[in-house]
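Let me begin by presenting the structure, written as structure tokens, before commenting on it.
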Amino acid sequence: MDRIALTCPDDWHLHLRDGDVLGDLVPFTAERFARAIIMPNLNPPVTTVHQARAYRERILAAVPPGRAFEPLMTLYLTDITTPETIREAVESGIIYGVKLYPAGATTNSEAGVTDLARCHEALAAMEELGLPLQIHGEVTHGNVDIFDRETRFIEGRLVPLMGRYPRLRLVFEHITTAQAAEFVHEAPASVAATITAHHLLFNRNHLLAGGLRPHYYCLPVLKREIDRESLLEAATSGSPKFFLGTDSAPHARGDKESACGCAGCFTAPAAIELYAEAFDSVGRIDMLEGFASHFGADFYGLPRNTDSIGLERVDWNMPKHYRFGQRDIVPLRAGDRIRWRLTERERA
Ligand code: NCD
Ligand code: ZN
């Protein structure tokens, strides 16, 4: 199969930033995806419905003419998020989840949750109203090894959270370990996970062996080959609990190529193409459509898209950089071969 057509996919985890870079970033996603869950970790974070509504308008203003793209907004959970805010979010009709960043876990997480006990009323309201919690699942203690932070989160935080709020809908975002994949596989139907293309294609050797490659540095950090294989197995298994979330997380070149480089891989310019390559590498390209275009919409209770995209197995070269406002940005695989190409997006 050198050419395939898919129901237009959605990206269930995306960072678009704000300001003058929106015009450079939004077109990549709008070309490939019909909808995307927009992460709220701006500086300052998106904590109110009012802020989310204004941010949504700025994103929509950056959608190229003639493209249909819907940003699905989220709020950033803090120690002081109120149940009233949760109610308002549900009533707004533009908010599809609330993101939990443990304070200190990743980019712009300083305002995140210091102790889940402080969020009890907000979480209880989310459980009652059916608003999903999107989880950055890593513990943050300085004494926990960075490669163990996700697995420690499962036993230490996620299991207790599920015990306290058994009906709360949870998305374990960008899972990176065999343990997380197995946990989600065995969890009730209210629990799902997103998986990035980079965690399906790369392991920590790509980041660390033969030289430090900052453009492969993201959080949660790339893990072992055995983890990559488990994630690929989960993504291609046909289980509706696993779906596409790129976690494309753009940072200017100078902020990545630095003595203290930012976490985040910029995959948006070839997002669906990289997933196609990962699925094709194990002969399961036929499983891509469920993962990319059906299961996320089903979990979020949204209709599946009716338009389609085409992909063909043709090599092209990823540019070495793109414009990023007044600066430039290096995409993943910069200057290297991408093995699948987007042909077109057709309206229904
Ligand atoms: C993300 C970012 O830069 O906003 N970085 C990353 O490495 N994934 C934050 C996040 O999702 O952890
Ligand atoms: Zn992210």
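Quick look at the numbers
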item	result
Within straight-line cross-link reach of LYS241, lysines at Cα separation under 19 Å, skipping those fewer than 8 residues along the same chain	LYS99
Label zone at ILE226, where the point sits 7 Å out along the Cα-to-Cβ direction: segment 123-166 residues whose backbone N lies under 20 Å	145-155
Expected 222 nm ellipticity per residue - DSSP helices of 4 or more, -39500 (n - 2.57), all of the chain, to 500	-8000 deg cm²/dmol
Sequence-distant residues sharing a close amide H with LEU16 (under 5 Å, placed H)	MET39
For segment 29-87 versus segment 258-322, the gap between their alpha-carbon centres in whole angstrom	21 Å
Sequence ranges 50-58, 191-199, ranked by mean other-Cβ count within 10 angstrom, highest first	191-199, 50-58
Only Lys, Arg (+1) and Asp, Glu (-1) charged, at Cβ; segment 3-346 dipole about Cα centre in debye	520 debye
Cβ-derived FRET efficiency at R0 45 Å, GLN326 paired with ARG3, nearest 0.05	0.70
Length released on extending from VAL159 to SER237, taking residue separation times 0.36 nm less the Cα-Cα span	25.7 nm
ARG341-HIS206 FRET efficiency (beta carbon distance; Förster radius 22 Å; 0.05 resolution)	0.45
The chain, accessible area per residue, ligands and nucleic acids excluded (1.4 Å, Å²)	40 Å²
Contour excess over end-to-end distance, with Cα ends at THR114 and ILE94 and 0.36 nm allotted per residue	4.5 nm
At 1.567 mPa s and 4 °C, Stokes D of segment 3-346 from Kirkwood alpha-carbon radius, µm² per second	65 µm²/s
Residues of type aspartates and glutamates that LYS256 reaches as a straight line, Cα spacing below 15 Å, ignoring anything fewer than 8 places off in the same chain	ASP328
13 Å Cα-Cα reach of LYS223 towards aspartates and glutamates, excluding residues that sit fewer than 8 places from it in its own chain	ASP145, ASP148, GLU150
Accessible-area composition of segment 3-346, carbon plus sulfur, in percent [1.4 Å probe]	49 percent
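The values are calculated or read from the model by the stated rules, or taken from the named source; none is laboratory data. Here the structure is a predicted model, which is why all the values come from computation and not from measurement. Reconstructed Cβ throughout: ideal geometry from the backbone, glycine too, with neighbour counts over all protein chains shown. These area figures cover heavy atoms from the full protein model, side chains too; ligands, DNA and RNA do not enter into them. Shrake-Rupley method; radii C 1.70, N 1.55, O 1.52, S 1.80 Å.
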